[in-house]
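The values are calculated or read from the model by the stated rules, or taken from the named source; none is laboratory data. Quick caveat: nothing in here was measured; it's all calculated off a predicted structure. Cβ placement follows ideal geometry from the backbone for every residue including glycine, while neighbour counts extend to all protein chains displayed.
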Amino acid sequence: MTFLLGTSVAYADTLRIGVEGNYPPFSQVAADGKLSGFDIEIAEALCAKMQVTCEMVQQEWDGMIPALNAKKFDVIVASMSITDKRKQVVDFSDPYYDVPSRFVAKDGAFAGYSPEDLKGKTIIVLRNSPRAEYIAANYPDSETLLVDKETAVYLELAAGRGDIGFGSSVVSGESFLKQPEGKGFAQVGEAIYLTDSTDGGVGIALRKGEDKLKGDINTALATVMKDGTYKSISAKYFDFNIMPKSAQP
C-alpha cells in the first residue's frame, strides 16, 4: 500500500482515471491504441507526485459522471468544466486549466455572433456541455445540432450540416483550423468564457465525500504547477498560457 504525500491515510497503488480519448490536443488515441495529450500527461504527472500508478479508463463523454459515481473509475481527467450544476453531483479539484470558447464558421460568413446575427442559423455544439446550455439560453431563435464529441462539431461543420460551430478555442484552433479540413474556416468574434462557478476553469471530478483524495490531488496539482512540470507539459501542446488565473503568480 502506498502512502500519499506523507499523510497517514493510504490508498490503493492504482488510481483509475476516466478519460475520453477523442478531444485533441487534450486526449487522443493513436493507431496502436496508446493515449496521449495534455489531460493524459497531467494525470500521469499527478499520479507520479501521489506515488500511485495511473490506470486510464476510456469512457464516452455522455456517461462520464454516471460511470464515476458507479465506481468504474476514481476520478475524471477529461477537460470537464467546473459548473454549479455539476457540483451538485460530483466534487472538483482546484482548476488545472482554463480556455475560452469560440464560434467557428466559413471565413467571412458572419461579421458577429450575436443572437440576431445567428437567427435562423444552425449552431453545432457538444451535447450535455456548458456550451450547449449557453446556446440554449442565449440563442432561442437559432437551430441547434447536438453532437456527441467535440471533434464532431468541426466534422459536421466541414460537411455542411450546420452554419456555425461553437466549441473550445484550443480544439478548434489546433485540431481543425490548422488542419487541411479546416481550410476556408475561421474563428468568429471574441473569446467567450462560460464558467458559471466562482471556482472557474476545468477541474478533476471525483465522487462526493472523498475529501482525502481531493486534498491529495490538490496538493499534487499545486506541486506540478510550482516545480515546472505543468509548464513543461503545457509547452508541448500550446503556445500560450492555459494555467488558470487562480494558480498564476
message = Within the range 135-145, take every residue that is in contact (Cβ under 8 Å) with a residue 24 or more places away in the chain and crowded, with 17+ Cβ neighbours inside 10 Å and give me the one that is nearest to Thr83 (Cα to Cα).
response = Ile135
request  = Only helices (runs of 4 or more DSSP H) wholly contained in the range 138-249 count here; list those with 1 or more residues that are more than 17 Å from the chain's Cα centre (by Cα) and under 30 Å from Val52 (Cβ atoms).
outcome  = 211-226, 229-237
request  = Scan the range 186-205 and give yes if some residue there is more than 18 Å from Met80 (Cα to Cα), in contact with a helix residue (DSSP H, G or I) (Cβ under 8 Å, 6 or more places away or on another chain) and surrounded by 14 or more Cβ atoms within 10 Å (Cβ to Cβ), otherwise no.
outcome  = yes
query = Which of (1) touching a Gly at 6+ places or on another chain (Cβ under 9 Å); (2) not assigned by TED's automatic domain parsing to the domain that holds Lys149 is the odd one out, the single condition Ala111 does not satisfy?
reply = (2)
inquiry  = Can you pull out every residue in the range 23-41 that is within 18 Å of Tyr97 (Cα to Cα) and either basic (Lys, Arg) or within 12 Å of the chain's Cα centre (by Cα) (or both)?
reply    = Tyr23, Pro24, Pro25, Phe26, Ser27, Gly37, Phe38, Asp39, Ile40
remark   = Of (1) over 28 Å from Asp84 (Cα atoms); (2) touching a residue at least 60 places away in the same chain (Cβ under 8 Å), Ser169 satisfies every one except (1)
remark   = Here the qualifying pairs (Cβ atoms under 8 Å; residues six or more apart or on different chains; first in the range 236-247 and farther than 20 Å from Ser36 by Cα; second modelled with pLDDT under 85 and small (Gly, Ala, Ser)) come out as Pro244/Gly200; Lys245/Gly200; Ser246/Gly200
key: Condition met for Asp148 (buried (at least 21 other Cβ atoms within 10 Å of the Cβ), within 29 Å of Val89 (Cα to Cα) and in contact (Cβ under 8 Å) with a residue 60 or more places away in the chain)   = no
ask   = In the range 128-137, how many are of a type outside the set (A, V, I, L, M, F, W, C), part of a helix (DSSP H, G or I) and closer than 20 Å to Met64 by Cα?
value = 3
request  = Kindly indicate whether Gly162 is under 25 Å from Glu116 (Cβ atoms), touching a Ser or Thr at 6+ places or on another chain (Cβ under 6 Å) and in contact (Cβ under 8 Å) with a residue 40 or more places away in the chain.
outcome  = yes
